[in-house]
Amino acid sequence: MEQTFTVKLEEKRYLPDPRCKATAWTPDYTRAYQEFMRDPEAFWDRIARELSWFESWDRVREWNPPYARWFVNAKLNITANCLDRHAAGSRKDKPAIVWRGEDGAERVITYDGLHHEVMRFANGLKSLGVGKGDRVCIYMPLVPEQIVAMLACARIGAVHSVVFGGFGPDALAMRINDAEAKVLVIADVGYRRGKTVPLRELASEALAHTPSVERVVVLRRETPAVELDPGTEVDYADLVARAAPDCPAEVMDSEDPLFILYTSGSTGAPKGIVHTCGGYMVGTYYTARHDFDIKETDILWCTADPGWITGHSYIVYGPLAVGTTVVIAEGTPDYPDPGAYWRLVQDLGVTIFYTAPTAIRMFMRYGDEWPAKYDLSTLRILGSVGEPLNPEAFEWYYRTIGGGRCPIVDTWWQTETGMHMITTMVGEPMKPGFAGKPIPGAVMDVVDRRGFPVPPGTGGFLVIREPWPAMLRTVHGNDERYRAYWKTIPGCYTAGDLAVKDEDGYIMVLGRADDLIVVAGHNIGTAEVESALVSHDAVAEAAVIGKPDPLKGHVIKAFVTLRVGVSPGDGLTDDLARHVRKSLGPVAVPAEIEFMDRLPKTRSGKIMRRVLKARELGMDPGDISTLEE
Ligand code: WTA
């Protein structure tokens, strides 16, 4: 963004029922924020003391920009908080996970049951030679075992790297290799729209290029059970059955890594974002409890997959640290019919529902008759994440799903932040189009390139000014890329989003400022899609942009030049789409592919996506003085 720009801000407010405010965990946002600002360390110290630790900290935080340490020298295990603490107390028989399959099958796992399953699988991993610090890659559908595998790693101090089951073999191989994972945990298949997703087949393509993987644990779901390769594969059920029942929680330092999760970079390969044990636990526990206002009887359904950060923080670690019941459902929102989600809300009595704007817009299209068929009166809090919640979608969500009585918490955050950073806390006035204000615990601003705050109504860069407990600590194997987050704008963490503030300090997030495309709430890097396209024999060069889409927020549009002698004949578009799907998975497939004679470039040879984008959207391309003839 070269020039400043102004945004016309609509002033519409919704006042929640005052009873929400009276009973909220944060009943007075302004006071809580002031308290936090007066003494941030005391604020976090108080929250951290609500959890159990093997040893306390010497200092709450140590800040040597851009490196932070939180709960310095404290010892803990996050699973002791997510499992043992509850299983040993009054939540022993409380459901921790309620799973629904696409065919309606249901499984309920109590805190006690989950505790035992995790300990057994943890011992199983140990028997395969996995120890503290080793990396384990998890490539599974949304089944309880996916969560068990994550927690089992955490139990023994192994570092998990979950790869979303919608990714293809190349994306999987790249992530396994970058993390040098020793063990891969998979399922034979996932189920989606009544069909099977052949995860084991996809994984075996990846495994041809992943020398670090010694063993593959396979959860077998199909009948008859697939035959395993005795040399490399181990049956999940066998491993658990043979394992010893007790597995003490490994003593972890606060700053030991808990997991790596890959997110798209604006250039080059995806980045392995590293999160650590202590700060991440405190940050996700606090935000889950306060932002969703979780009470003992709540039933939380976060519709994300644990393959994304939303699932890590708000299906697994945050809610389980709080001790709530989480609902997970395999499959898609509109299968077998567009009432699938609402039926589940009714059947299970879901009280807190957290989803993405792209899903909300899809439901809007199907019409009000689908939610109208079901009793949604148990819903109490509605959440949104992943991309801007546009005012039309807000209104629909608020009225049709929330019956005008549920506060909407539109949460802004990132894989890198690990936890929510902006929202409208339960009980505060809501403004459609605005995510809200920085939560107590986050110091944020909208600034110009030099780091100076821009006036209300003027667009700028969204930044974080102070370290926060669940912040990323590094990019795996590439600390330079970590430091880059803190370099763009002096003294700040630059989120890469454009935003605007209003007079009351509410923040409206406008979208990415860089080459990341948020498609249906999933972050896709232009670089990855471009290199997948270029790996096709017919393609010489490719440039990819995000194009606004009423349903998905953005879709991918690719501009492609072909090799000499190749013409864009019949079926090439489909073939290219198939090629990208095979390599990266369905999430990264371009919605449109346009063939060009040449791509606009700078004189130094860099493709100017900005020019393509401006042309596509009929906008002014801005400064094109560097464009080659
Ligand atoms: C976008 C997902 C507007 C944003 C948790 C951010 C949002 C990127 C919101 C991170 C929101 C996330 N309003 N935009 N409430 N939440 N984003 O790493 O562009 O998958 O930088 O984390 O999603 O995506 P990520």
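The values are calculated or read from the model by the stated rules, or taken from the named source; none is laboratory data. Keep in mind it's a predicted model, so treat the numbers as computed, not measured. In this analysis, Cβ positions are derived from the backbone assuming ideal geometry, glycine residues included, and neighbour counts consider all displayed protein chains. For the accessible areas, the whole protein counts, side chains as well, though only heavy atoms, and no ligand, DNA or RNA atoms are used. Shrake-Rupley method; radii C 1.70, N 1.55, O 1.52, S 1.80 Å.
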- From TRP342, TRP308, residue being of a type outside the set (A, V, I, L, M), within 22 Å of TYR397 (Cβ to Cβ) and within 16 Å of the ligand (Cβ to nearest atom): TRP308
- Residue selected from region 432-482 under the condition of a type in the set (Asp, Glu) and in contact with a strand residue (DSSP E or B) (Cβ under 6 Å, 6 or more places away or on another chain), by the criterion modelled with the lowest pLDDT: ASP448
- Look at VAL136 and say whether it is in contact (Cβ under 8 Å) with a residue 40 or more places away in the chain, within 26 Å of LYS182 (Cβ to Cβ), in contact with a strand residue (DSSP E or B) (Cβ under 9 Å, 6 or more places away or on another chain) and part of a strand (DSSP E or B). yes
- Message: For region 343-366, give me each residue that is of a type in the set (Phe, Trp, Tyr), touching a Pro at 6+ places or on another chain (Cβ under 9 Å) and in contact (Cβ under 8 Å) with a residue 40 or more places away in the chain.
- Response: none
- Message: For a quick check of your reading of the model, give me the residue pairs whose first member lies in region 252-278 and is within 19 Å of GLY525 (Cα to Cα) and assigned to a loop (DSSP other than H, G, I, E, B), whose second is more than 16 Å from the ligand (Cβ to nearest atom) and open to solvent by 30 Å² or more (accessible area, probe 1.4 Å), with beta-carbon atoms closer than 8 Å and at least 6 apart or on different chains.
- Response: ALA269/MET174; ALA269/ASP178; PRO270/MET174; PRO270/ASP178
- Item | Residue within region 318-339 that is part of a helix (DSSP H, G or I) and surrounded by fewer than 22 Cβ atoms within 10 Å (Cβ to Cβ) present | no
- Considering only residues of region 86-103 that are assigned to a loop (DSSP other than H, G, I, E, B) and open to solvent by less than 40 Å² (accessible area, probe 1.4 Å), which is farthest from GLN146 (Cα to Cα)? GLY89
- Query: What about VAL529, is it out of contact with any His (no Cβ under 8 Å at 6 or more places or on another chain), β-branched (Val, Ile, Thr), at pLDDT 90 or above and under 13 Å from GLU594 (Cα atoms)?
  - Reply: no
- So ALA499, is it away from the ligand (no atom under 16 Å from the Cβ) and of a type outside the set (Val, Ile, Thr): no
- Message: Just to be sure before I move on: is THR267 surrounded by fewer than 22 Cβ atoms within 10 Å (Cβ to Cβ) and touching a helix residue (DSSP H, G or I) at 6+ places or on another chain (Cβ under 7 Å) in the structure I sent?
- Response: yes
- Restricting the search to region 406-426, which residues are away from the ligand (no atom under 13 Å from the Cβ) and in contact with a Ser or Thr (Cβ under 8 Å, 6 or more places away or on another chain)? PRO407, MET425, VAL426
- Residue match in region 435-452 (condition: away from the ligand (no atom under 15 Å from the Cβ) and buried (at least 23 other Cβ atoms within 10 Å of the Cβ)): yes
- Task: Could you look through region 54-66, keep only residues that are in contact (Cβ under 8 Å) with a residue 60 or more places away in the chain and open to solvent by less than 60 Å² (accessible area, probe 1.4 Å), and pick out the one that is farthest from the chain's Cα centre (by Cα)?
- Result: TRP57
- Task: Within region 470-498, count every residue that is closer than 24 Å to MET508 by Cβ, among the hydroxyl-bearing types (Ser, Thr, Tyr) and outside any strand (DSSP E or B).
- Result: 2
- Could you figure out which of (1) at pLDDT 95 or above; (2) more than 30 Å from CYS137 (Cα to Cα) isn't true of GLY323? (2)
- Considering only region 375-390, how many residues are open to solvent by 40 Å² or more (accessible area, probe 1.4 Å) and either in a helix (DSSP H, G or I) or more than 13 Å from the ligand (Cβ to nearest atom) (or both)? 4
- Hey, among VAL589, VAL534, which residue is free of Cβ contacts under 8 Å to residues at least 12 places away in the same chain and β-branched (Val, Ile, Thr)? VAL534
- Taking region 41-52 and keeping only residues that are touching a residue at least 40 places away in the same chain (Cβ under 8 Å) and open to solvent by 40 Å² or more (accessible area, probe 1.4 Å), one is left with GLU50
- Message: Anything in region 343-363 that is over 23 Å from the mean Cα position of the chain (by Cα) and not in a loop (DSSP other than H, G, I, E, B)? List them, or say none.
- Response: ARG343, GLN346, ASP347, LEU348
